[in-house]
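Below you'll find the structure, written out as structure tokens, and then a few comments.
Only the coordinates and a few stated rules stand behind these numbers; no lab work does. Please read these numbers as outputs of a predicted model, since none were measured by experiment. Reconstructed Cβ throughout: ideal geometry from the backbone, glycine too, with neighbour counts over all protein chains shown.
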């Protein structure tokens, strides 16, 4: 797991995760070394912890040869169900195809955790709002196109329009209209209302790397998520239960 120098939050999280049985975790202070060891298979998964975001993402891009990074955040509103949210980067999920690819990769994440996907595609308004604003019209049509493309690939998806308050109760993958709105949803749920953010696995790489926020006071749930992605089991109630992987933070 990644850590700034002398981070009490990271050390405490690693000790607790090790004791809980989520794997054998160790601490890295160098982002590039963490990424390189992940690529070489010396560790099964990595969690960013409180490493500097820019340094960590630059290291991942360099080591894995990525031009861009796509993430999907695992969220839990207070008193609500767990779901994956994407796009959460303001420059992610720009096109219809980008969002289709995100869903397909998100489904693979759920499959690895033993969870059946339930997919909701958001738009900027209800179907009855068509004609009120060209921007809203575009998001509604985009959502319909995404649903059609996903169904053509054998995935069940629904255009949930702007009704996120309903989607969070029935969907475990929710796709925002764009990265800006997705980032705002993330911030409102996590930073304003105190909902849980368990981390955001990077979608477009073949190794498990869970991005996290430096604002978290504990990273145990992020380690558990990484372990579940390696081990392949995840409770529908949101308690990761896969066999522990060899996870380094």
Check your understanding: Pairing the Cα long axis of helix 8-20 with the longest principal axis of the chain, what angle in degrees results, from 0 to 90 and rounded to the nearest 10?
Key -> 90
Exercise for review: Round to a whole angstrom and tell me the spacing of the C-alpha centers of segment 156-225 and segment 38-81.
Suggested key: 13
**Study point:** For the chain, built as a Gaussian network whose Cα springs stay under 10 Å, the top-fluctuating residue of 185, 119, 82
**Key:** 185
Check your understanding: Which value does Rg/Rh take for segment 48-105 over its C-alpha atoms, Rh per Kirkwood?
Key -> 1.02
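Per residue, what volume in Å³ does the Cα convex hull of segment 119-190 take up? Please report the intermediate quantities before stating the final value.
Details: hull volume 6.4 nm³, N = 72.
Residue-normalised Cα hull volume stands at 88 Å³.
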Study note, to complete from the structure: Highest GNM mean-square fluctuation among 114, 23, 152, for the chain with Cα springs under 10 Å, belongs to 152
Practice item. Could you work out how far helix 53-64 tilts from the main Cα principal axis of the chain, as a 0 to 90 degree angle to the nearest 10? Key: 90
Review point. Based on the inverse mean of 1/r over its pairs of different Cα atoms, what is the Kirkwood hydrodynamic radius of segment 1-91, in Å?
Key: 14.6
Practice item. With no solvent and one equal point scatterer per Cα, compute the Debye intensity ratio I(q)/I(0) for the chain at 0.13 Å⁻¹ and report its log10, rounded to two decimals. Key: -0.76
Exercise for review: Please report 99, 171 as a ranked list, fewest other C-beta atoms within 10 angstrom at the top and most at the bottom.
Suggested key: 171, 99
Review point. Using the per-residue mean of other Cβ atoms lying within 10 Å as a proxy for protection, in what order, highest first, do the peptides 175-184, 137-146 fall?
Key: 175-184, 137-146
Review point. Which ordering of 112, 78, 214, 71 is given by a fewest-first count of other beta-carbon atoms within 10 Å?
Key: 78, 214, 112, 71
Review point. Which one of 201, 87, 134 has the biggest mean-square fluctuation once the chain is modelled by GNM with Cα springs under 10 Å?
Key: 134
